[in-house]
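Asks: Before I ask anything, here is the structure I am working with.
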Amino acid sequence: MVDSNTKIQKITANSIVGFISQFNSTVVDPAYNTATYHSGNKPHFSKTANGLTTPQSVPDNQLLGTKRTYLSSNDTRINAASLCAALLNITQSLSKIRKFQSQWYFNTNGTQALVDSMSGTGILTFPDIPAGTKEASWTREGNTNIQLSPQMLFSAGKRIMASDANQTIANCLNAWTSQCRDSNEIIYKFFQCYSDCHSNCYDSRGRR
């Protein structure tokens, strides 16, 4: 971390390495460390009912792996424009780390009874929910297209002050925490029915 009011217009090896390290440790790692669930640790309901024992509470095609994208110099020329672009790209990629809630319902003659629910934070992706059957199907609710746009306090041709650099990093973290960690929860619903389910027991739930 560079000292406040230090000019880093002429970026030295130490200052840029410090900036990169600060962004990765302040933004990337905390975001990923928040996520309990992912393709390697799938969430499950805790109850057993209707022939299912602790079923998975988020479909497989909604879960991503834990691979992190870090800010790096990559031995290339770094300027304000390329640095801003890299910060924005990585910050926007964090929108996949989201709070979610999942609910399990059992349908009986058109009545949906809540069996179990759970919540957490996961590394998610948002293709269409997989096609289900009359006996078992999913829905998804929530904003799946968040575009994080943190304010960048430096630009090409201007002096980069350490205070502006530090605040830009804070802006990146705040953009993710305010829009993905603290709001815009994704809600999954799992609907189960008897194997001889009739049409009045299976309503027209849309898959998104």
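The values are calculated or read from the model by the stated rules, or taken from the named source; none is laboratory data. Since this is a predicted model, take the numbers as computed values, not measurements. Counting neighbours? That spans all protein chains shown, and the Cβs are built from the backbone with ideal geometry, glycine included. Just so you know, the surface numbers come from the protein's heavy atoms only, side chains and all, with ligands and any DNA or RNA stripped out. Shrake-Rupley method; radii C 1.70, N 1.55, O 1.52, S 1.80 Å.
Asks: For residue 47, work out the one condition from (1) in contact with a Ser or Thr (Cβ under 8 Å, 6 or more places away or on another chain); (2) open to solvent by 70 Å² or more (accessible area, probe 1.4 Å); (3) without any contact (Cβ under 8 Å) to a residue 60 or more places away in the chain it doesn't fulfil.
Replies: (3)
Asks: Go through (1) modelled with pLDDT under 95; (2) within 25 Å of the chain's Cα centre (by Cα); (3) within 29 Å of residue 68 (Cα to Cα) one by one and return the number of the condition residue 124 breaks.
Replies: For residue 124, the exception is condition (1).
Asks: Would you check if residue 102 is open to solvent by 30 Å² or more (accessible area, probe 1.4 Å) and either in contact with a Ser or Thr (Cβ under 9 Å, 6 or more places away or on another chain) or among the hydroxyl-bearing types (Ser, Thr, Tyr) (or both)?
Replies: Judged against the criteria, residue 102 is not a match.
Asks: Sticking with this structure for a sec: Search the stretch 131-141 for residues being modelled with pLDDT of 95 or more and open to solvent by less than 50 Å² (accessible area, probe 1.4 Å), and hand back the single one that is nearest to residue 178 (Cα to Cα).
Replies: Step by step, filter the stretch 131-141, then rank; the result is 140.
Asks: Going by what's in this entry, would residue 81 be described as of a type in the set (Gly, Ala, Ser) and open to solvent by less than 50 Å² (accessible area, probe 1.4 Å)?
Replies: no
Asks: Would you mind telling me which numbered condition in (1) assigned to a strand (DSSP E or B); (2) open to solvent by 50 Å² or more (accessible area, probe 1.4 Å); (3) of a type outside the set (S, T, N, Q) residue 128 fails?
Replies: Condition not satisfied by residue 128: (1).
Asks: Of everything in the stretch 13-33 that's among the hydroxyl-bearing types (Ser, Thr, Tyr) and open to solvent by less than 50 Å² (accessible area, probe 1.4 Å), which residue is farthest from the chain's Cα centre (by Cα)?
Replies: The residue in question is 15.
Asks: Is it true that residue 6 is modelled with pLDDT under 85, open to solvent by less than 80 Å² (accessible area, probe 1.4 Å) and hydroxyl-bearing (Ser, Thr, Tyr)?
Replies: Yes; evaluated as a whole, the condition is true for this residue.
Asks: Scan the stretch 59-81 and give yes if some residue there is at pLDDT below 90 and part of a helix (DSSP H, G or I), otherwise no.
Replies: yes
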